[in-house]
Structure formats: C-alpha cells, structure tokens
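The values are calculated or read from the model by the stated rules, or taken from the named source; none is laboratory data. Here the structure is a predicted model, which is why all the values come from computation and not from measurement. Neighbour counts run over all protein chains shown; Cβ positions are idealised from the backbone, glycine included.
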Amino acid sequence: MQKLIRGIIDFHETKSKEVRELFAKLALGQKPDCFFIACSDSRVAANVFASTDPGDLFVIRNVGNIVPPYPYTGSAVAALEFAVNNLKVGHIVVCGHSDCGAMHALSQSRDSLNETPLGIWLRHAQKATTDFKDVDGLSQKNVALQLDNLRSHPLVKEKENAGEIRLHGLWFNIRDVEVYYLESPPDKFVLIDSRKGDEILSGLEE
C-alpha cells in the first residue's frame, strides 16, 4: 500500500501534466478497440507488455482469465455484454500466462473441485484439464477453452459470424517476458516477434 500511495504522489507531481490532454479527451467518453480478458495475477500487465495507453483496452481481470459459458451470468459476462453491445469492440482477447495460480489449483483438484467460491469458479475451466502436460500447458489450453466459452454466447456468435468481431488468444511468459499468439487451438502458440506480428497484422486487414 505504501508503494501505491507513493506512486500516486509521484504521478501527481511529475507525470499528470504529461497525460492531461489525453485524459481530457478520454473524459468525454471511451472507444476501445479491444475487450481484454486477463488474469488477476499481479504480474500480468498488458499496458507494459503490449505498450498500450489509457483508453486502448476495455479490461476485465479475474482468477484464471475465465468467461463462464452461456447461459451463466456474472461480472465477466456483464463486461462482455457491455463491450460488445455498448462499446462495440472489434476484437476480444483472452490472455493467459505462465505459472498461473488458478491453473495450479485446478491441476491439483481437477477431478473434484470443492464447493468453495474458488472451486465453483474454476469449474468453468475444468474441461481444459484433459491431456495437459504441465501447469503452463493447462494455462494455454484454458485460453482456447475460454474462447469456446465466449463463442457459446449468442451475442458473440452472431457478431463473429457477421465478421464484426474477431477473437484472439494470447499467452504471456512471465520469466522470458514473451507474448505468444494462439495460432491453432487448443495449444499451438507462436511467439509474437516482428515477423509473426506483421503476419497477424496483415490478417487483421483482410
């Protein structure tokens, strides 16, 4: 908490003037291009590894970067509805990561999750436990599963079929500070370097 408060003081004294114009524009409304679903893990910071600015992403973070399938509701689904219907985002990203605590918990009790809030929540990722190699492999398979969960929602299915929304999977390797793109579900991820990045960008223009 001390670091948080000191950071706010530092922002107020040294950086607020630099971004005042940006935030003045954002105060009039937001128009993000992407709905970004990430894990609550404190080490996963899209603004750092993707160099995004305020206003670029509409973000929800929860334990295990999970979106319950239709017809479940809850905050993740409410955010999905708002992103698609109100903000009219063109892209939805699910971002998993290495050494995920949620996936550790899921791997240790994959056959019988208990009735705690965490256990009940992780059931929305339980299908990913089929034939996984390790926790990182489970985390990658979970990204693909959550994309399937997203597509089970009629509002996403309709928009994707109409070509109005594209879904993407990312995976962040914390130790190596590398980001991977889900090229072929459920677990073929490729490193986003300059070559692969250009290839992905070309695909987005089609």
Cβ-Cβ below 6 Å, separation at least six or inter-chain, first residue in the stretch 54-82 and in the same structural domain as residue 92 (by TED's automatic domain parsing) and at positive phi, second assigned to a helix (DSSP H, G or I) and not polar (S, T, N, Q): which pairs? 55/26; 64/102; 64/125
Mind checking which residues of the stretch 88-114 are closer than 16 Å to residue 158 by Cβ and more than 15 Å from the chain's Cα centre (by Cα)? 88
Would you confirm, using the coordinates I've provided, whether residue 76 is modelled with pLDDT of 95 or more, touching a Lys or Arg at 6+ places or on another chain (Cβ under 6 Å), surrounded by 11 or more Cβ atoms within 10 Å (Cβ to Cβ) and within 14 Å of residue 146 (Cα to Cα)? no
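Do you know which of the residues in the stretch 184-206 that are touching a Phe, Trp or Tyr at 6+ places or on another chain (Cβ under 7 Å) and not aromatic (Phe, Trp, Tyr) is farthest from residue 37 (Cα to Cα)? Break it down into steps so the answer makes sense when it comes.
Step one: filter the stretch 184-206 for residues touching a Phe, Trp or Tyr at 6+ places or on another chain (Cβ under 7 Å), giving 189-192, 196, 200.
When the remaining residues are screened for being not aromatic (Phe, Trp, Tyr), the result is 190-192, 196, 200.
Numbers: 190: 19, 191: 19, 192: 18, 196: 22, 200: 19 Å.
Restricting to residues being touching a Phe, Trp or Tyr at 6+ places or on another chain (Cβ under 7 Å) and not aromatic (Phe, Trp, Tyr), the top hit is 196.
If a residue counts only when it is hydroxyl-bearing (Ser, Thr, Tyr) and without any contact (Cβ under 8 Å) to a residue 60 or more places away in the chain, which strands (runs of 3 or more DSSP E) contained entirely in the stretch 111-206 have at least 3 such residues?
Numbers: elements: 166-173, 178-184, 188-191.
The qualifying strands (runs of 3 or more DSSP E) are 178-184.
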Quick one: in the stretch 17-47, of everything that is among the basic types (Lys, Arg) and over 21 Å from residue 76 (Cα atoms), which residue is surrounded by the most Cβ atoms within 10 Å (Cβ to Cβ)? 25
